[in-house]
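Working notes for the structure below.
The values are calculated or read from the model by the stated rules, or taken from the named source; none is laboratory data. It should be emphasised that the depicted structure is a prediction, and the values quoted were computed from it without experimental measurement. Neighbour counts are summed over all protein chains in view; Cβ atoms, including those assigned to glycine, are modelled from backbone coordinates with ideal geometry. All accessible areas refer to the heavy atoms of the entire protein, side chains included, with ligands and DNA or RNA removed. Shrake-Rupley method; radii C 1.70, N 1.55, O 1.52, S 1.80 Å.
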Amino acid sequence: GNLDGDGIPDLVIGAPWDSTVAVAAGRVDFVSTCPMPGITYCTAKVNSCGVPPVIGATGAASASATSGFVVSAVVARDGKLGVLFYSRSGRGAAPFQGGLLCVGVATGRRSPPVTSTGGTPGPACDATFAIDLNALASGQLPGNHAAWLSTVGERINCQWWGRDTPATGSFMSDALEYTVCP
């Protein structure tokens, strides 16, 4: 059941003969089961270097934190613009600029444009796009954010889109599905 009111089922573990408190006493431990950081799905659109950009996340999506949940895409060109599309409308599979937009499109929300960083200038695809979704949800970052980004139990899908070379136009990463924890 949902013992802590976060909308996500929890786990209770019993130790019937734990005598650390009293003779022949038992103990019950409660464990929140909020999944972190999420699961990936979808096929990425290969970039001009011939490799698919990969989405990833570090930290925990949290309704109470103002930072600490970074969603990134690696294998991008340095200095290019990118956008993180996100939705609470579930998974999708709509054709988009030669790839697939794998997030539900009903909300049409997206992050502010982000510039890729950390790569080698020129033809290498070794830069990263990254945005802290906890910071975006709490208003710490500018952009088109929605209150449901910090609603406990909300399931959110997201995917990176970014500029590439004039020949390929753009890339699409694979997609990430995660749940907002307390």
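Numbers below:
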{"read-out": "Index of the failed condition, Ala60 passing every other in (1) under 14 Å from the mean Cα position of the chain (by Cα); (2) open to solvent by 20 Å² or more (accessible area, probe 1.4 Å); (3) at pLDDT 90 or above", "value": "(3)"}
{"read-out": "Some residue of segment 121-140 being modelled with pLDDT of 85 or more, among the charged types (D, E, K, R) and either open to solvent by 20 Å² or more (accessible area, probe 1.4 Å) or touching a Pro at 6+ places or on another chain (Cβ under 6 Å) (or both)", "value": "yes"}
{"read-out": "Segment 136-174, subset among the hydrophobic types (A, V, I, L, M, F, W, C) and touching a Lys or Arg at 6+ places or on another chain (Cβ under 7 Å), residue nearest to Ser89 (Cα to Cα)", "value": "Ile156"}
{"read-out": "Residues of segment 63-82 satisfying the condition of being buried (at least 19 other Cβ atoms within 10 Å of the Cβ) and under 18 Å from Thr40 (Cβ atoms)", "value": "Phe69, Val71, Ser72, Ala73, Val74, Val75, Ala76, Gly82"}
